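The values are calculated or read from the model by the stated rules, or taken from the named source; none is laboratory data. Computed from a prediction, not measured in an experiment: that's the story for all the values here. Here the Cβ is made from the backbone with ideal geometry for all residues, glycine too, and neighbour counts use every protein chain on show.
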Amino acid sequence: MDKLKITGKTALHGSINIPGAKNAALPIMVASLLSENGLLLKNLPVLQDISTMKLLLESFRIKIKHINSQTFFNSSNIKNHIANYDLVRKMRASILVLGPLIARFKRAKISLPGGCAIGTRPIDIHLTGLEKLGVTFSTENGFIFGEVKKNLVGAIINLSFPSVGATENIMMAASLAEGKTIITNAAREPEIEDLAKCLNNMGAKIAGAGTAQMRIEGVKSLIKTDHSIISDRIVAGTYVIAAIMLNNKFKISNIDPKLLSTPLKVLQNMGAKLDIGNDYITVLPSNTIKGTTLETKPYPGFPTDLQAQIMALMSIAKGQSQIKEKIFENRFMHVSELNRLGANITIKNDTAYIEGEQKLKGAQVMASDLRASVSLVLAGLCAEGETTINRVYHLDRGYEKIEEILGKCGCKITRIK
Ligand code: EPU
């Protein structure tokens, strides 16, 4: 298993161009299942999760072709409607194929996604929503089987929680349902808007994406289109936090800062100096960074996907901080590893209490999930001496060539195979 070796306390200089967003790319790749006419995607990031999604789509006999930096998905000849255990267990986003497969082929069979490091992550909201559209589900031998007798029929669906994945699954299925669907308490994440934009280009009729109430007028079929994936706000936020921790001038380009309004406000309130343009954020050195209190929330609140990274920053900020994790029940796996690097964090129920101004020191640590891993990279970059991060395959799921990018910007970070 690959490891990363980091020598801390080096400078971070120059700039980084933010790649396409993993969490927009995954559902949009799945949207190719909805049309037999093909979908051309630009700005797909080069990540392990994207490769896993390609394998899953290929297992349905979708043909995927790379043309320069674009990827063409041809799903005219789908033969299989079963998503097998090996792929689903690798990536929970596999559940997103459920709605589209049923919408197009009236049935789908998917290995039940289990829990993962960050929580039990049930799929009840996906299933209840699809049931409202007329799907009946049964489970056997670890698989969930969904089918609809005739066509999906539009409905009013009130989500019990604004689940990102459930909103995506239901909106994709509803795009090919008969009549009108209204989703209330829908997730409002920018990745949902990007999916709606792509589906609308394919001929779907979706209004209200990015708000809590979406209206979807079903259509009979979808056409060929091309779409460029939005930039990754979480990757951008991660590099913003890295530069604040190293207290260097650093430019994060090719990102719409509006997508990061809440985290940027929190960072500015902590004392970070940011020059925010239309499509870039430049971190400037600041005199003091002080602790704060925050809660993770659905968009536009503070994203759970930046919780581990800001916790690393809070460990070296002045004073005390608190983070209440409200999205996932077990997303504090990085705490014990950050403490190994010299942080002083305790957890009580859903809240982490962080004592600031700790002198971080290099150590051997273990990555446990994607965002936990990157928080260890950030802490390692600020720690005195050498840090070795084990199990970096978690990191490869969401950060494109992180050691090359940070290495080019002055950091000492190498991969050990
Ligand atoms: N939930 C349920 N029932 C459901 C669906 C969700 O109880 O049917 C619960 C989950 O267990 C969780 C909460 O609702 O506690 C939020 O889950 P949500 O469905 O919103 O998340 P997701 O679609 O599984 C996406 C991202 C995550 C990100 C969350 C929250 C993708 C592929 N994944 O997951 O990204 O943390 O939204 O914003 O879009 C990451 O990139 O590191 C990552 C985990």
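The table that follows gives values for the structure above.
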read-out: Among the residues listed as Glu329, Glu295, the single one being in contact (Cβ under 8 Å) with a residue 12 or more places away in the chain, outside any loop (DSSP other than H, G, I, E, B), within 16 Å of the ligand (Cβ to nearest atom) and surrounded by fewer than 23 Cβ atoms within 10 Å (Cβ to Cβ); value: Glu295
read-out: Out of Ala177, Ala166, sole residue that is within 25 Å of Asp232 (Cα to Cα) and small (Gly, Ala, Ser); value: Ala166
read-out: Boolean, Gln48 is over 23 Å from Arg121 (Cβ atoms) and under 25 Å from the mean Cα position of the chain (by Cα); value: no
read-out: Residues located in region 60-71, provided they are outside any strand (DSSP E or B) and either more than 23 Å from the chain's Cα centre (by Cα) or without any contact (Cβ under 8 Å) to a residue 24 or more places away in the chain (or both); value: Phe60, Arg61, Ile62, Asn68
read-out: Among the candidates Asn278, Asn287, residue that is more than 24 Å from Val365 (Cα to Cα), in a loop (DSSP other than H, G, I, E, B) and at pLDDT below 95; value: Asn287
read-out: Count of region 259-275 residues which are part of a strand (DSSP E or B) and either charged (D, E, K, R) or at pLDDT below 95 (or both); value: 2
read-out: Test: residue in region 125-134 that is closer than 17 Å to Leu33 by Cα and modelled with pLDDT of 95 or more; value: yes
read-out: Test for Glu36: is it free of Cβ contacts under 8 Å to residues at least 40 places away in the same chain, away from the ligand (no atom under 16 Å from the Cβ) and surrounded by fewer than 22 Cβ atoms within 10 Å (Cβ to Cβ); value: no
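This table checks each residue for (1) more than 16 Å from the ligand (Cβ to nearest atom); (2) surrounded by 18 or more Cβ atoms within 10 Å (Cβ to Cβ); (3) outside the structural domain of Val164 (by TED's automatic domain parsing); (4) assigned to a helix (DSSP H, G or I).
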| position | (1), (2), (3), (4) |
| --- | --- |
| Phe73 | yes, yes, no, no |
| Asn77 | yes, no, no, no |
| Asp86 | yes, no, no, yes |
| Arg89 | no, no, no, yes |
| Ile95 | no, yes, no, yes |
| Gly99 | no, yes, no, yes |
| Lys109 | yes, yes, no, no |
